[in-house]
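The structure appears below as structure tokens.
Read-outs: derived from the displayed coordinates by stated rules, not from any lab. Keep in mind that this is a model prediction, so the values were computed, not measured. Cβ coordinates were reconstructed from backbone atoms using ideal geometry, including for glycine residues, and neighbour counts include every protein chain displayed.
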Amino acid sequence: MNRRDFVRTLAVSGAVLATTGPGSVRAAGLSNAAGQSVRIPLGMDNFAVRALGLKGRALVDFAADLKLDTLFITDLPGLGSLEASAATELQKYAADKGLAILLGSWSICPTSVRFKRDWGTAEEHLALGLKLAKAVGSPLFRVVLGGREDRATPGGIEARIADTVRVLQSQRSLARDLGIKVAIENHAGDMTARELVGLMETAGRDWVGANLDSGNALWTLEDPRQSLEILGPYTISTSLRDSAVWATEKGAKVQWTAFGEGGIIDWKAYFQRYAQLCPQAAVNVETIGGFAVEFPYLEADFWKNFPKKPAAELAQFEALVRRGRAIPQHDSNDPKSQRGELERSLRYLREVIGLGVR
């Protein structure tokens, strides 16, 4: 089997298959639920280096130079063209370099404050993405509901979830005909892990899964390890990063950073559990660093948008806050900083955790 056929096999089977057995060149140190040694593919989310402005073949070349297994293109313009034929050619180009492509885009909730009509209606946006995913060889299409601002809109996040489910169901037949699953992300503080589970179960778990984001979990005051426990069984794709958390007078601040630099999560234990819950999903790094966001949960008004937050979840988050520390901020749009965080993360995940097939 040549390189292109190998990558195409990965894509057809899920694009993110774990490689198991004693024949691995580098020991992963991870084992699945059956106790078998597992090798989890390692890739990047192109949003990690958004300041570089890479698209199409240039983006593929960048990922290939990093010797990655997967390239997660999470915005449609990143393809370089929205023509299906061009997407198919890009898939072939990537396969020749040993790279599998995953595809995603943004909000499909028409009532979200973050929804854009760049690709038509929400239904048209989803349909276009599903077709392009098929063309580029991705077994899934990642979408989001919106952001934390949606929790304060009329009807709250429950109304936005209902609107998103209606859009999903409008394209259910198309997704099934194409053999493409939809991955919904816990995005920018929009949904808690449990709320996302409710959305997936309502829409149909057989064709809607989760795009797990460890950094976004903290924006809903969740411990990333707890988010993994809840969303892991549903996870079909990922956009992961490390984070720092520390106490403030109003609550806490969260700042995303490169893997190994946040100081609050035991990533060896995290990925061992990951290998048991969702070893078929590639670890795609989406570093977004430089800035801190405050969550004033010690103020009463904050809880208007989280009326059902369990006290036990807040206690777990508080434990992270108590042992966290502030880290330096920098220009989050600086190309050099973005590339540096990505490369440090990949090095950490390979050398410390043992991720990656190549």
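The table below lists the values:
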{"read-out": "For segment 22-115, the spread of Cα positions along each principal axis, largest first, Å", "value": "46, 34, 26"}
{"read-out": "Largest to smallest principal axis extent of the C-alpha atoms in segment 174-269, angstrom", "value": "50, 27, 19"}
{"read-out": "Segment 3-353 - share of DSSP beta bridges that are antiparallel (%, nearest 5)", "value": "35 percent"}
{"read-out": "Fewest-first sequence of V60, V283 by Cβ atoms within 10 Å of each Cβ", "value": "V60, V283"}
{"read-out": "Trypsin sites (Lys or Arg not before Pro) restricted to segment 249-294 and DSSP loop, no more than 15 other C-beta within 10 Å", "value": "K250"}
{"read-out": "Restricting segment 221-321 to chymotrypsin sites (Phe, Trp or Tyr not before Pro) in coil, as DSSP defines it, with at most 14 other Cβ within 10 Å", "value": "F291"}
{"read-out": "Packing-based exposure ordering (other Cβ within 10 Å, fewest first) of S107, S173", "value": "S173, S107"}
{"read-out": "Value of relative contact order over the chain, rounded to a whole percent, pairs C-alpha under 8 Å and six or more apart", "value": "20 percent"}
{"read-out": "Gyration tensor (Cα) of segment 109-189, equivalent ellipsoid semi-axes in angstrom", "value": "23, 12, 11"}
{"read-out": "[x] 25.1, 78; [y] 20.9, 68; [z] 19.2, 61, with the label sought being that of the calculated Rg and Dmax of the Cα atoms in Å", "value": "[z]"}
{"read-out": "Candidates T88, T220, T192, ranked by Gaussian network fluctuation over the chain, Cα under 10 Å, top entry", "value": "T88"}
{"read-out": "Residues whose placed amide H lies under 5 Å from that of A244, excluding near-sequence neighbours", "value": "Q255, W256, T257"}
{"read-out": "Net charge dipole size for segment 3-353 [Lys, Arg +1 and Asp, Glu -1 on Cβ; Debye, nearest 20]", "value": "680 debye"}
{"read-out": "M44, M200 arranged by Cβ crowding within 10 Å, fewest neighbours leading", "value": "M200, M44"}
{"read-out": "Relative contact order (%) - segment 111-238, alpha-carbon pairs under 8 angstrom, separation at least six", "value": "24 percent"}
{"read-out": "With at most 15 other Cβ atoms within 10 Å, longest stretch of the chain clear of loop GluC sites (Glu not before Pro) (DSSP)", "value": "84-248"}
